[in-house]
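Visitor: Shown below is the structure under consideration.
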Amino acid sequence: MTSTRANAQIAESLATMTHLLARGDDPARDGEKRLDRFLKHKPSFFVGGFNPDGAVKWVEEVEIIFDAMECANENKLALGTYVLREYANQWWKNAKLRLGDRGVVITWEMFKREFFDKYFPADVKNKKVVEFMKLEQGNMSVAEYAAKFESLCAFSPHYNTPEAENNKCVKFESGLRPDIKHIIGFAEIRNFTTLVAKARICDEDGKAKSNYFKAVRGKSQDRVKPYEVKGKGSARSGKGKEKVDNDKCYRSKECKATTPTCFNCGEEGHKSPECKKPKKVTGKVFALNGEGVDQVDNLIRECKATTPTCFNCGEEGHKSPECKKPKKVTGKVFALNGEGVDQVDNLIRGTCFIHDTPLIAIIDTGATHSFISMECMKRLNISVYEMSGCMNIETPASGSVITRLVCRNCPVSVFGRHFGMDLVCIPLSGIDVIFGMNWLVFNQIHINFCEKTVIFPKSEGSLSLMNGEEVKESLNDHGELFMVFGSLKLEGGVKLEEIPVVSEFSDVFSEDISDLPPEREVEFSIDLVPGTSPISMAPYRMPASELNELKKQLEELLEKKFIRPSVSPWGALVLLVKKKEESMRLCIDYRQLNKATIKNKYPLT
């Protein structure tokens with residue numbers, strides 16, 4: 001029974017081998033056929049060197065061939081490493097020995113990991129990620145922008161998942177040019193393929209529209225008069241005569257003008273621009289005799305206007321010296337707009353405030369009055385009054401302007417000073433307020449035209465005291481400093497009861513104070529651990545917003561004299577902690593100092 005079963009197995013094995021031999025299956029020959037199929041696709045050889053983009057492109061090309069061949073995973077490594085040459089082949093031999101010593105089975109995925117570590121390192125990948133985050137369309141077309149977006153997006157895998165489709169669309173849309181973004185942005189398209197298609201159509205439509213208007217504009221510029229010739233050698237339009245061989249002659253017969261003639265002196269051999277004789281002065285006169293003069297409108301004839309016209313009010317029947325209406329007040333101003341103010345010597349540009357609203361102002365020494373723009377008057381809702389007469393303001397560039405409106409006693413703040421001014425309302429462009437000579441003279445204000453600064457004769461309010469550090473800062477800023485040394489001298493003795501505060505709290509003050517208080521028996525100090533050296537710690541890193549908040553809080557503490565500047569190279573660390581109401585609290589880190597401090601122990605009674 002056993003021998004029968006054994007014979008059956010042997011027969012089955014022989015049949016299988018016979019079948020395989022009949023088919024011609026041979027592992028070695030299969031490998032050669034597989035390699036031939038792979039090489040028929042003409043894969044690129046990779047020789048190594050620092051070429052990160054070339055390395056990525058080579059791997060992508062090889063994997064495309066694998067997909068076309070339907071290559072099994074166990075055969076990819078042999079085929080892929082076959083096209084490594086020179087430096088790349090030598091690197092793979094060393095890497096294969098290193099991996100073989102670990103006793104691991106080398107796969108295509110493991111090869112790709114080692115390959116990218118060598119030829120596409122992490123710093124190059126990080127640069128690609130940064131380039132992707134900063135990518136914008138710029139001068140590229142939408143198709144070019146989308147292609148570069150897709151290529152760089154491969155290095156940011158979190159953008160390539162189905163869940164990140166929304167973020168991918170937002171990133172693509174944010175990099176589009178504004179002229180395309182404002183058209184498709186409101187649609188909030190969150191399908192990437194649809195978004196790219198819509199943006200491409202919008203870009204192509206914009207280019208077609210631009211080309212259309214360029215063509216229409218070109219046609220309108222190409223239109224010439226019937227008697228003009230467009231280009232050399234072309235036939236004249238209409239019934240004009242054809243151009244002859246001479247480039248500057250349009251006569252129908254043969255041109256005999258071979259020698260140029262000067263239009264200035266009449267001689268031949270040169271042209272008028274080259275003429276060295278004095279230039280002719282050309283003048284015009286309508287007629288050389290008196291015939292027909294009365295029929296010509298633009299010649300001087302007998303005046304038939306018998307009724308005089310007043311230049312003050314514009315009415316007929318009287319002249320301006322006899323006019324009983326209020327006389328026109330004439331004013332002057334240098335300019336009605338703000339262009340070129342900084343380049344003019346007698347104009348100083350600055351800022352003033354009306355109703356706590358900052359306004360653009362200039363000081364014009366050539367202006368007779370002070371003015372305010374119509375637009376500013378309406379915007380600030382300032383009360384306007386009508387003059388008894390009218391004012392004619394003359395400008396050197398824009399002619400004259402007539403107005404009847406004035407803002408009386410308008411509250412204006414300039415350089416911290418407050419004034420009540422009458423401002424004449426005129427149309428201004430780029431300027432809100434003009435301060436003229438009436439304001440400068442009335443307030444006795446001096447102007448330094450070299451530095452374009454304004455000097456007031458006397459200060460308002462109380463004097464502010466400055467400490468030594470503030471004086472140094474003023475000197476560093478090239479400020480003017482006047483130092484006054486004062487001393488107090490009492491001519492007679494002062495009794496305590498004569499001082500109001502002392503008399504109110506007489507029980508606090510001693511009647512006899514002969515000398516300074518005695519010295520303390522124990523001076524106050526903070527005891528440190530012996531051998532403690534100055535503590536130095538690296539400062540905490542802060543974002544720009546917290547650094548601005550820290551600077552603001554330190555300046556406030558300095559102004560309030562709670563702290564003072566220090567020149568010590570040592571200091572405690574600080575950090576900002578956000579409160580519930582979103583404000584920032586300044587905290588000083590004394591932990592390192594507390595570690596070196598000896599704690600005082602006091603008995604409790």
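Visitor: With a Förster radius of 56 Å, plug the Cβ-Cβ distance of residue 57 and residue 533 into 1/(1 + (r/R0)^6) and report the FRET value to the nearest 0.05.
Guide: So the FRET efficiency works out to roughly 0.40.
Visitor: Less than 19 Å from a label point 7 Å out along the Cα-to-Cβ axis of residue 553: which backbone N atoms in the stretch 569-585 qualify, by residue?
Guide: Correct set: 571-585.
Visitor: Follow-up question, since we're still on this one. Based on the Cβ-Cβ distance from residue 44 to residue 91, what FRET efficiency comes out when R0 is 22 Å, to the nearest 0.05?
Guide: Plugging the Cβ-Cβ distance into 1/(1 + (r/R0)^6) gives 0.80.
Visitor: Right, another one. When the chain is fully extended, how far beyond the present Cα-Cα distance does residue 560 get from residue 67, taking 0.36 nm per residue of separation?
Guide: Roughly 169.9 nm would be gained on extension.
Visitor: Here is a further query. Quick one: of 33/148; 148/209; 472/578; 42/207; 181/579; 42/127, which pairs are farther than 30 Å apart, Cα to Cα?
Guide: Pairs exceeding 30 Å: 33/148; 472/578; 42/207; 181/579; 42/127.
Visitor: Taking other Cβ within 10 Å of each residue's Cβ, how do 149, 442, 419, 46 sort, fewest first?
Guide: Exposure proxy ranking, most exposed first: 442, 419, 149, 46.
Visitor: Could you calculate the contour length gain from residue 165 to residue 270, that is, 0.36 nm times the residue separation minus the distance between their Cα atoms, to one decimal place in nm?
Guide: Gain on extension, residue 165 to residue 270, equals 30.0 nm.
Visitor: Under a point spin-label approximation (7 Å from Cα along Cα-to-Cβ), what is the residue 452-residue 541 distance to one decimal in nm?
Guide: 4.3 nm
Visitor: Right, another one. Report the gain in length on full extension from residue 590 to residue 150: 0.36 nm times residue separation, minus Cα-Cα distance, nm rounded to one decimal.
Guide: Contour length minus Cα-Cα distance gives 153.2 nm.
Visitor: Okay, next question. Which net charge results when you count Lys and Arg as +1 and Asp and Glu as -1 among the other residues whose beta-carbon is under 14 Å from that of residue 596?
Guide: So the surrounding residues net to +1.
Visitor: Related question: Could you work out the local net charge near residue 135, counting Lys and Arg as +1, Asp and Glu as -1, over the other residues with Cβ closer than 10 Å to its Cβ?
Guide: Summing Lys/Arg as +1 and Asp/Glu as -1 gives +1.
Visitor: While we're here: Which FRET efficiency value, to the nearest 0.05, do you get for residue 14 and residue 74 by plugging their Cβ-Cβ distance into 1/(1 + (r/R0)^6) with R0 = 35 Å?
Guide: My answer for the efficiency is 0.75.
Visitor: Please report, in whole Å, how far the alpha carbons of the stretch 56-115 spread along each principal axis, starting with the longest.
Guide: 34, 24, 16
Visitor: With 10 angstrom as the radius, rank 82, 145, 385 by how many other C-beta atoms surround their C-beta, starting from the fewest.
Guide: Taking fewest neighbouring Cβ atoms as first place, the list is 385, 82, 145.
Visitor: Along the Cα→Cβ direction, 7 angstrom out, place labels at residue 418 and residue 498. What is the inter-label distance in nm?
Guide: Taking the simple label geometry, residue 418 and residue 498 are separated by 3.9 nm.
Visitor: Among 176, 405, 97, which comes first, then next, by fewest other beta-carbon atoms within 10 Å?
Guide: Exposure proxy ranking, most exposed first: 97, 405, 176.
Rule-based calculations on the coordinates, nothing more; no lab input. As the structure is a prediction and not an experimental result, all values here were calculated from the model. Because the Cβ atoms are built from the backbone with ideal geometry, glycine has one as well, and the counts that use them run over all protein chains shown.
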